[in-house]
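Below you'll find the structure, written out as structure tokens, and then a few comments.
Each value in this text was obtained by applying a stated rule to the coordinates, not by laboratory testing. What you see is a predicted model, and the numbers here were worked out from it, not measured in a lab. So basically every Cβ, Gly included, is an ideal-geometry build from the backbone, and we count neighbours across all protein chains shown.
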Amino acid sequence: MQNIKALVFALACFSAACALAQDSVQLIDDSGQKPQLSDLDRLYIATRLEQLDLAQCQTRILNTRPRVVYRQLTLRHKDQDLFINVTDDVMRTRNMVIYTESGDEWREYYACSQDTLLPALAIIATAKVNGQEIGSNDIRQKVLSRHTQLSSHEPTKLMVRTDSNNPSHPYMDFTLSLKHPLFANWDMLEHLQAKGADVLEALIPGDQEYLVQPYLAFTGRFSQYIGTRQSSPVMERRFNPSLFYRIWTSDDAWFDLGLAHESNGQRINTPEALAREQQDYLTRGEDPAFARDALSRGWDYTFVDWQRSWNSQWQTHVQVRHYLSDGPLQGKSEEYNVWEDGGTQARPRSAYDGVSVSLQYNFNRSRCFLGTAFVCFNKLDVKQETGYSNLFQHNTTTVEFTTNFFGLPVQLWSRNGYASDLVDYYRYTKSWGLGIELKTP
């Protein structure tokens with residue numbers, strides 16, 4: 001009987017606390033809608049936020065009422081109303097700002113200790129409106145937690161490589177590729193991103209939600225000729241900065257729309273300069289064919305990228321580029337010159353490259369040698385490329401087979417076709433490589 005009385009008393013206290021929390025805890029988002037919080041959510045939030053100590057925060061006076069960037073929670077706390085603003089990526093940034101009002105004066109509290117409040121902030125950020133995610137909450141929380149910091153763009157690789165048209169082989173080849181969001185936590189940009197997603201959702205039929213994020217990316221490729229050339233030089237092969245908008249349709253699918261520049265960072269663009277470079281190699285007793293590495297190539301291009309993971313095993317990637325004859329970064333494009341090898345006709349990059357389709361298969365961890373977890377198949381990627389001005393006339397096939405070898409991502413790489421090097425993009429080449437592939441989130 002005493003246990004029953006205790007239970008009834010606890011339930012009564014819980015009901016009273018829920019009623020109090022329901023009256024004092026209110027949530028609104030930047031569109032004026034009210035995300036739904038259960039009585040238990042309100043009680044939990046109120047209980048967690050009791051631990052707030054505003055004395056530990058930095059503070060300043062505001063002259064105007066603060067704007068709601070994503071969501072604002074109103075809470076009665078120690079005899080005053082608190083207005084707590086959170087951003088959509090609060091679980092990553094822990095970006096919570098608190099306001100109090102006194103007459104016409106607003107006081108802002110920031111840089112508060114938030115570690116104990118993260119569970120409550122998660123409820124605030126992911127609460128639904130009418131049972132549905134609003135503002136791409138589900139997408140935002142997943143994407144922003146993984147992709148709003150420095151991360152991989154193309155795979156970063158270090159390998160021993162050989163090309164059939166390279167007079168000195170094998171050689172070491174290194175590719176570094178990274179991206180970073182622009183102004184990831186700038187309030188105005190977050191507002192524009194939300195509006196951009198709203199426009200997409202209005203224009204494209206269906207219930208799909210979107211997250212729009214601008215990125216700056218860079219890919220660089222460098223080759224070192226160890227033991228095959230004097231002083232083991234490092235040659236610049238590719239500089240590829242790009243600026244693009246990524247439109248996330250889910251955590252596993254996105255579109256890229258952007259502008260990029262691609263060049264090899266070299267200097268020779270006249271027959272006289274090439275002849276001098278060839279003579280320098282002859283003087284040093286080296287192959288004059290090495291001089292071709294210094295031929296200058298460069299293009300600006302616009303591009304559209306689409307990638308989707310269909311499930312845990314299958315992934316597709318489609319890219320279309322349009323090379324500009326006169327771009328804002330490069331100016332006039334630098335392509336093949338007929339004086340390079342006594343040619344008679346131009347060889348535009350668009351005839352050899354610009355359209356690519358790849359299919360990736362990810363193996364299960366059960367695909368390991370001898371049932372161990374030390375040597376396992378990781379993935380198989382097949383990529384087909386062609387030029388868009390002469391579709392399917394010049395084709396390139398790349399195959400990558402990656403394994404987990406005692407924790408090291410070892411990759412066997414093969415490429416038959418064109419554009420294995422920017423200098424000789426128009427030459428058919430057979431290439432092989434063995435190395436490691438590294439990726440950040």
Give me the Debye-computed log₁₀ of I(q)/I(0) at q = 0.06, 0.07, 0.10 Å⁻¹ for the range 137-438, equal point scatterers on Cα only, no solvent, two decimals. -0.24, -0.32, -0.65
Note down the nm distance, to one decimal, between modelled labels 7 Å out along Cα→Cβ at Ser414 and at Val338. 3.8 nm
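Express in nm, to one decimal, how much length is gained between Thr116 and Leu62 on full extension, taking 0.36 nm for each residue of separation and deducting their alpha carbon distance.
Details: separation 54, 0.36 × 54 = 19.44 nm, distance 2.69 nm.
Roughly 16.7 nm would be gained on extension.
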Stretch gain in nm, segment Ser102-Leu259, where the contour uses 0.36 nm per residue and the Cα spacing is subtracted: 51.6 nm
Using only alpha carbon pairs under 8 Å that are at least six residues apart, calculate the relative contact order of the range 137-438 and give it in whole percent. 14 percent
Would you mind checking which residues have amide H under 5 Å from His77's amide H? H placed 1.01 Å from N; only 5 or more apart, or other chain. Leu82
If you take the alpha carbon radius of gyration of the range 21-126 and divide it by 2.2 N^0.38 Å, what ratio comes out, to two decimals? 0.99
Cα-projected label distance for Glu286 with Asp39, points at 7 Å along beta-carbon direction, nm: 8.1 nm
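How much net charge surrounds Tyr323 when only other residues with a Cβ under 14 Å from its Cβ are counted (Lys, Arg +1; Asp, Glu -1)?
Working: positive: Arg297, Arg321, Lys332, Arg347, Arg349; negative: Glu262, Asp300, Asp326, Glu334, Glu335, Asp353, Glu385.
Here the charged neighbours net out to -2.
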